[in-house]
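Right, one structure below, let's go through it.
The values are calculated or read from the model by the stated rules, or taken from the named source; none is laboratory data. All values derive from a computational prediction rather than experimental measurement. Methodologically, a virtual Cβ is constructed for each residue, glycine included, from the backbone with ideal geometry; neighbour enumeration extends over all protein chains shown. Each accessible area value is taken on the protein alone, full model and side chains, heavy atoms only, with ligands, DNA and RNA left out. Shrake-Rupley method; radii C 1.70, N 1.55, O 1.52, S 1.80 Å.
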Amino acid sequence: MISSRTIKKRVIQYGADICGVAPVARFSDAPKGFHPCDIYPDCRSAVVFASHFPLGTLQARTNAPYTLVRNKMVEKVDWISFHASDELETKGVVSVPIPSADPYEYWDTDRNHGRGILSLKHAGVLAGLGVLGKNTLLMNERFGNMIWLGAILVSIDLEPDPIASYEGCISECTLCIDSCPQHALDGVTIDQKLCRERSNSYTKGGGWVLSCNICRKICPYHEGLLKKQRKKE
Ligand code: SF4
Ligand code: SF4
């Protein structure tokens, strides 16, 4: 039987920077319709991983590089999910790749609110990859919130990873909430409608641009929790 360690090593070899395993039992609080077994009824484990989003994209004076890198991160992470799933099936393990961004099926037109078929941020928490910040982004100890998440759902029980025990947000910090020009953050959730009005824009030539990343950039932990803590020492 293929081990948790072997699968995680292969996912890293395919280009992920971090990878963890969550048994399906950890998803008991998932909303109806968004549980791993709603996607793949025989799912036993979720293998969740992330690739590092280059920090330089936050230094640019235009959001074009950030948009380019976001699009490449989607391609990269989906490529990893596709190839890891394909390889696992040659070893007799059924594996369902989860899209890292699109397509998603749930859409609430009134609220301009979409939802992935599986919440990768919550799956990341359950697989030990980090903790959720008040900006609703997953924060990892090495990479902070500069990560792009992916996952595959597999048909076998795998040794789980421990859930992260480090602290996330600085308790009194509200920087991301206060800095959001749309007041879209309340410390727990994000109002997608308000956020999209600001963060989705089009150039005069019709190109799509992700035009806001303030809540990611303003976070003192965007470079990683450990790096920031070491700087304080
Ligand atoms: S991306 Fe911009 S508009 Fe959207 S929540 Fe973050 S700071 Fe607010
Ligand atoms: S800016 Fe502060 S409150 Fe927001 S996610 Fe970062 S540490 Fe948490």
Exercise for the section: On a C-alpha basis, how far is the centre of region 97-171 from the centre of region 18-52 in Å? Whole number, if you could? Expected result: 10 Å
Fill in the blank from the handout: Taking a ≥ b ≥ c as the square roots of the Cα gyration tensor eigenvalues, with a/c under 1.5 meaning rounded and otherwise prolate when a/b beats b/c or oblate if not, region 79-212 comes out oblate
Completion exercise
Checking rank on 2-9, 86-93, with mean other Cβ inside 10 Å and highest first, the result is 2-9, 86-93
Problem - Size-normalised alpha-carbon gyration radius of the chain, reference 2.2 N^0.38 Å - result: 1.01
Fill in the blank from the handout: Carbon plus sulfur, as percent of the 1.4 Å-probe accessible area of region 47-160, comes to 54 percent
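Among 52-64, 34-46, how do they line up by average Cβ neighbours within 10 Å per residue, starting with the highest?
So the order, starting with the most tightly packed, is 34-46, 52-64.
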Fill in the blank from the handout: Links exceeding 29 Å between C-alpha atoms in this model, out of K32/K72; K8/K121; K76/K217; K134/K193; K9/K72, come to K32/K72
